[in-house]
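Visitor: Mind having a look at this structure? Questions to follow.
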Amino acid sequence: MTAPIREPSFRESVDLMFNRAVALMDLPPGLEEKIRVCNATYTVRFGVRLRGQIQTFTGYRSVHSEHMEPVKGGIRYSLAVNQDEVEALAALMTYKCALVEAPFGGSKGGLCIDPREYEEDELERITRRFAYELIKRDLINPAQNVPAPDMGTSEREMSWIADQYNRMNTTDINARACVTGKPLDGGGIAGRVEATGRGVQYALREFFRHPEDVAKAGLEGGLDGKRVIVQGLGNVGYHAASFLSGEDGCRITGIVERDGALYNPAGLDVDAVRAWILKHGGVTGFPDATHTAEGATLLETECDILIPAALEGVINMGNAERIKAPLIIEAANGPVTAGADDILRQKGCVIIPDMYANAGGVTVSYFEWVKNLSHIRFGRMQRRQEEARHELIVRELERLDHMLGDAWNLSPDFKKRYLRGADEQELVRSGLDDTMRTAYQKMREVWHAREDVQDLRTAAYLVSIDRVAASYRAKGL
Ligand code: NAD
């Protein structure tokens, strides 16, 4: 693909990347167009009486593909929300779900609002009204359309949405499955809050298990000691940075936030920065680091791994040439524009694409939805039975231990570790890890097997478009 002359919009970027991939496929005539287009976008304007006057809000819910239902995708609260953005995000959800084999079509929603300007009770009224508008049109429904958190929303908003749906559908026994990312006490699942960040960690771990792939980025070794710069210390960025530094030995050398960036080549304490942001509203003034007001310039600083985890379009034709990171993992949706993607690819930078990198969220949302529909927590039936069977083996091993005396002994904590059956959180992590490994292996298989596929993004599109096409063919289209 030749680089676009002007910076494409987010949706154009997604379409350009899609077109690059389908050019390498042999789809029946017309199917390519059917998969690419967004099926429908609903725009709603509604009023809420706040502070003595009616305020009008604009919201969207876009359905990109219903080849599988329900369709799935988060709800974003941001002043920058617009139809183009929501449609681009909905399209990415279609490809993402296909790539990680979550049985959903793609959707996304957004509300033009800066949540920081409102009190909690005001936000609740706005959210409930927005949800009401979507629920009455089946744009929130356990069988048809299931939202989740995204930028500016969290389990709090999801809990209000679930309650609103419940009030409007009092006899729906599956009401809780109308939205995912709910709090644990409100029908959520262990491990959902951190799932997207955890998925970013699992994606990087899997990447570093393949030395040829690591070499393609000009890197070597494992994650230990790698210098990482993160943009956005919100839900996704914070968890990814915290797991990578706390569990894999990465050094978080830079953190970019709304009010500037922090840099410390010796490594930043992620939890301390997070606590500082929560207390002071930004990174400014944080000790033990150099602060730069022009935060985006830190994206251009030398590091091993760059993790954009905030907004789309932050790596674009304006700064792509200056990006030094040899490996970018797109924790945010669409952080690299199509034009920048071309420039970076030519420079040899390896990009782990958004539709794979941040799929941990929808993967665990899928587990939550299944849990809600089955009305039982994962592991409840098997855990003690599993423990009882392990007990049998342990007893036999203890007998052997006794017989062999000093010649052979059980490791000190073997019994405790082996006897314990997995709880919900462990099962969720295991399912997420398996999903991230399997999807990466599928992508890299295409990346390495085909000479005309030069990057992981094209490989990811090929895998997912092929699956969506197969699903349409199975329907007789
Ligand atoms: P969030 O609202 O929790 O965090 C976003 C963070 O980015 C905040 O800390 C915010 O201050 C920061 N930020 C905003 N503007 C910035 C700027 N100009 N420069 C630097 N930092 C800025 O949002 P999130 O849920 O972490 O989502 C982040 C990205 O990840 C989005 O692209 C979203 O679509 C994607 N994503 C989220 C999930 C999820 O489960 N939450 C799942 C998949 C993908």
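The numbers here are math on the coordinates, done by the rules we state, and not lab data. Everything numeric in this text was worked out from a predicted model, so none of it was measured. Ideal geometry is used to build each Cβ from the backbone, glycine not excepted, and the neighbour counts take in all protein chains shown.
Visitor: Once you wrap a convex hull around the alpha carbon atoms of the range 320-371, what is its projected area averaged over all directions, in nm²?
Guide: 3.7 nm²
Visitor: From largest to smallest, what semi-axes in whole angstrom does the range 32-155 give when each is the square root of 5 times an eigenvalue of its alpha carbon gyration tensor?
Guide: On the way: eigenvalues 143, 34, 33 Å².
Working from the Cα gyration tensor, I get semi-axes of 27, 13, 13 Å.
Visitor: Turning to a different aspect of this structure: Have a look at LEU373, SER13, GLY218 and report the one farthest towards the positive end of the charge dipole of the chain, computed about the Cα centre with Cβ charges (Lys/Arg +1, Asp/Glu -1).
Guide: So the residue furthest toward the plus end is LEU373.
Visitor: Cross-link candidates for LYS182: which aspartates and glutamates have Cα within less than 13 Å, leaving aside residues fewer than 8 places away along the same chain?
Guide: ASP150, GLU155, GLU157, ASP163, GLU194, GLU368
Visitor: Using the Cα centre of the chain as the reference point, and only Cβ charges (+1 on K/R, -1 on D/E), how large is the resulting charge dipole? Debye, rounded to the nearest 20.
Guide: In total the dipole reaches around 1120 debye.
Visitor: Sticking with the crude label model, points 7 Å out along Cα→Cβ, report the distance from GLN425 to GLU117 in nm, one decimal please.
Guide: 3.9 nm
Visitor: Less than 29 Å apart at the alpha-carbon level, and either on another chain or at least 8 residues along: which lysines does that give for LYS416?
Guide: Once the sequence-local lysines are set aside, what remains near LYS416 is LYS371.
Visitor: Show the residues, 5+ positions off or on another chain, whose built amide H is closer than 5 Å to the amide H of LYS182.
Guide: Answer set, sorted by chain and number: ILE189.
Visitor: Right, something else. Of all chymotrypsin sites (Phe, Trp or Tyr not before Pro) in the range 353-429, which ones are in loop regions per DSSP and have a Cβ with at most 11 other Cβ atoms within 10 Å?
Guide: Numbers: sites: TYR356, TYR366, PHE367, TRP369, PHE378, TRP408, PHE414, TYR418; in loops: PHE378, TRP408.
Qualifying residues, ordered by number: TRP408.
Visitor: Express the C-alpha Rg of the range 218-348 as a ratio against the empirical globular expectation 2.2 N^0.38 Å, rounded to two decimals.
Guide: Values: Rg = 13.8 Å, N = 131, 2.2 N^0.38 = 14.0 Å.
Normalised by 2.2 N^0.38 Å, the Cα Rg of the range 218-348 equals 0.98.
Visitor: OK, next. Starting from the exponent 0.38 and prefactor 2.2 Å, build the expected Rg for the range 133-278 from its residue count and divide its actual Cα Rg by it. Walk me through the numbers on the way to the answer.
Guide: Details: Rg = 19.2 Å, N = 146, 2.2 N^0.38 = 14.6 Å.
Rounded to two decimals, the normalised Rg is 1.31.
Visitor: Quick check: residue separation of ASP84 and GLU396 times 0.36 nm, minus the Cα distance between them. What number comes out in nm?
Guide: Stretched fully, the ASP84-GLU396 segment lengthens by 106.0 nm.
Visitor: Percent relative contact order of the chain, based on C-alpha pairs within less than 8 angstrom and at least six residues apart?
Guide: Relative CO of the chain lands at 16 percent.
Visitor: Right, another one. Work out the FRET efficiency for SER374 and GLU247 from their Cβ-Cβ distance, taking R0 = 30 Å, and round it to the nearest 0.05.
Guide: For SER374 and GLU247, the calculated efficiency is 0.45.
Visitor: Using a 10 Å cut-off on Cβ atoms, rank the peptides 271-277, 252-258, 29-35 from the highest mean neighbour count down.
Guide: Values: 271-277: 17.3, 252-258: 24.7, 29-35: 14.1.
The densest-packed peptide leads the list: 252-258, 271-277, 29-35.
Visitor: Between ALA449 and MET403, what is 0.36 nm times their sequence separation minus the Cα-Cα distance? Round to one decimal in nm.
Guide: Working: separation 46, 0.36 × 46 = 16.56 nm, distance 5.36 nm.
Using 0.36 nm per residue and subtracting the Cα-Cα distance, I get 11.2 nm.
Visitor: Shifting gears a bit: Place a +1 charge on the Cβ of each Lys and Arg in the range 203-305 and a -1 charge on the Cβ of each Asp and Glu, then give the dipole magnitude about the Cα centre in debye, rounded to the nearest 20.
Guide: Dipole magnitude for the range 203-305 comes out near 200 debye.
Visitor: Continuing with this model, one more query. Against the globular-protein guess of 2.2 N^0.38 Å, express the Cα radius of gyration of the chain as a ratio, rounded to two decimals.
Guide: My calculation over the Cα atoms of the chain gives 1.02.
Visitor: Rounded to whole Å, give me the distance from the Cα center of the range 392-455 to that of the range 181-208.
Guide: The range 392-455 and the range 181-208 have Cα centres separated by 19 Å.
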